[in-house]
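Comments concern the structure below.
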Amino acid sequence: MNAYPLIVVQPLGITDAMVSAPNTNVPEADYTVWSSATTYALDARVILTTTHKIYQSLQASNLGKDPVTQPAWWIEVSPTNKWALFDSAVSTQTKQASYIKYTVTPGQTVNAIAALNLTNATQIVITVTSASAGVVYSRTIDVSPVPASPSWWDWFFGIRRAQTQCVRVDLPSYPDATIKFELYGGVSLAIGVLLIGQQRAFGAGIKYGAKVGIQDYSRKEKNDFGDTVLVQRAFARRADFDLMVSADEVDSLQGFLSDVRAVPCLWIGSSDYEATTVFGFYKTFDILISYPTQSDCSLQIEGLT
């Protein structure tokens, strides 16, 4: 399919210290912070800034019951808006009109960044600054909607397809760097995942015959009158890849895939097809030692909703 290897980015776990104020303009103020001295009604919602989660009361007269340690009184609803882009779900989005900014200090070398599940976005600005070398990377990426077809008619009059992701695997490697991510857009601007990490590359390229698609979790049922009831819900991408790896890559690929089992990663099959970029986990993999110097690997990847 291309001359580039399969790229896998294992996300760096983002901590409070990496994104402390004023490194973001998104407040953590979805609801009031839980207090042990406050009595909460049934269905009342609170947040905890220690877990960055929203919780909903399951009972009335809810006093002094910790949302983390007493699940009979509270149910976890979702991450807070500020931290939704750092959780493992693509569908939970951080939302803020017009402009979203995060500055992350990884504390280690990273060379890849990805913004996934974008809504109403027009532009991304990524700036990497090293404490020892100053600004070492600056890119402005246009992510505004593009024509669905390259014809002149479609350019002026046709439907435009919104760009939903931006992936960069060309960040310079500086262990003392900070990464400033700026997202511009309209009033419904949102981002599902902001991912940074180190990339690993395997093989000589994905073979033609790769399969891509989605797993749709929408509800499609018929009622007692024969009408079809459609309720749109989340979906997950999926992909099946076959690639050829050299003999000296077999052990390292086997070891890496064993290490990231059940770990969400960003899988980039081809830079030519956006559909081959999947954030999720592999379901199965097989390595066939086909020849003395080359082996075949097949991967089945399932995306997260």
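The values are calculated or read from the model by the stated rules, or taken from the named source; none is laboratory data. Just so it is clear, the structure is predicted and the values come from calculations on it, not from any experiment. Glycine gets a Cβ as well: all are built from the backbone with ideal geometry, and neighbour counts include every protein chain shown. These area figures cover heavy atoms from the full protein model, side chains too; ligands, DNA and RNA do not enter into them. Shrake-Rupley method; radii C 1.70, N 1.55, O 1.52, S 1.80 Å.
Between 229, 260, 250, which is modelled with pLDDT under 95, touching an Asp or Glu at 6+ places or on another chain (Cβ under 6 Å) and not basic (Lys, Arg)?
Details: 260 fails: touching an Asp or Glu at 6+ places or on another chain (Cβ under 6 Å); 250 fails: touching an Asp or Glu at 6+ places or on another chain (Cβ under 6 Å).
Going through 229, 260, 250 in turn, just one is modelled with pLDDT under 95, touching an Asp or Glu at 6+ places or on another chain (Cβ under 6 Å) and not basic (Lys, Arg): 229.
Having 2 or more residues that are closer than 30 Å to residue 245 by Cβ and touching a strand residue (DSSP E or B) at 6+ places or on another chain (Cβ under 9 Å) is the bar; report the strands (runs of 3 or more DSSP E) wholly within the stretch 1-95 that clear it.
Once the strands (runs of 3 or more DSSP E) in the stretch 1-95 are filtered for at least 2 residues that are closer than 30 Å to residue 245 by Cβ and touching a strand residue (DSSP E or B) at 6+ places or on another chain (Cβ under 9 Å), what remains is 6-11.
Checking residue 202 against (1) at pLDDT below 95; (2) open to solvent by 20 Å² or more (accessible area, probe 1.4 Å), only one condition comes out false. Which one?
Of (1) at pLDDT below 95; (2) open to solvent by 20 Å² or more (accessible area, probe 1.4 Å), only one is false for residue 202: (2).
Could you list, ordered by first residue, the pairs with Cβ atoms under 7 Å in which the first is in the stretch 59-72 and free of Cβ contacts under 8 Å to residues at least 24 places away in the same chain and the second is loosely packed, with under 13 Cβ neighbours inside 10 Å and in a loop (DSSP other than H, G, I, E, B), at least 6 apart or interchain?
Cβ pairs passing all conditions: 59/42; 60/41; 60/42.
Report yes if some residue within the stretch 219-235 is surrounded by 10 or more Cβ atoms within 10 Å (Cβ to Cβ), more than 27 Å from residue 245 (Cβ to Cβ) and of a type in the set (S, T, N, Q); otherwise report no.
yes
Can you report the number of residues in the stretch 16-37 which are in contact with a Gly (Cβ under 9 Å, 6 or more places away or on another chain) and surrounded by fewer than 17 Cβ atoms within 10 Å (Cβ to Cβ)?
3
In the set 9, 19, which member is under 22 Å from residue 103 (Cβ atoms) and in contact with a Cys (Cβ under 9 Å, 6 or more places away or on another chain)? Don't jump to the end; show me each part of the working.
Working: 19 fails: in contact with a Cys (Cβ under 9 Å, 6 or more places away or on another chain).
Exactly one of 9, 19 is under 22 Å from residue 103 (Cβ atoms) and in contact with a Cys (Cβ under 9 Å, 6 or more places away or on another chain), namely 9.
Restricting to the stretch 1-15, name every residue that is surrounded by fewer than 16 Cβ atoms within 10 Å (Cβ to Cβ), touching a residue at least 12 places away in the same chain (Cβ under 8 Å) and farther than 20 Å from residue 168 by Cβ. So that I can check it myself, show each step before the final result.
First, pick out the residues of the stretch 1-15 that are surrounded by fewer than 16 Cβ atoms within 10 Å (Cβ to Cβ): 2-3, 13, 15.
Then drop every residue that is not touching a residue at least 12 places away in the same chain (Cβ under 8 Å), which leaves 2-3.
Correct list: empty.
Could you check, for the stretch 222-232, whether at least one of its residues is in contact with a Lys or Arg (Cβ under 6 Å, 6 or more places away or on another chain), hydrophobic (A, V, I, L, M, F, W, C) and under 19 Å from residue 269 (Cα atoms)?
no
Residue-wise test of (1) in a strand (DSSP E or B); (2) in contact with a Lys or Arg (Cβ under 6 Å, 6 or more places away or on another chain); (3) open to solvent by less than 20 Å² (accessible area, probe 1.4 Å).
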position	(1), (2), (3)
240	yes, yes, no
245	yes, no, yes
252	no, no, no
258	no, no, no
262	no, no, no
266	yes, no, yes
282	yes, no, no
286	yes, no, no
295	yes, no, yes
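List the strands (runs of 3 or more DSSP E) that sit entirely inside the stretch 109-188 and contain at least 1 residues that are exposed (fewer than 13 other Cβ atoms within 10 Å of the Cβ) and free of Cβ contacts under 8 Å to residues at least 24 places away in the same chain.
134-142
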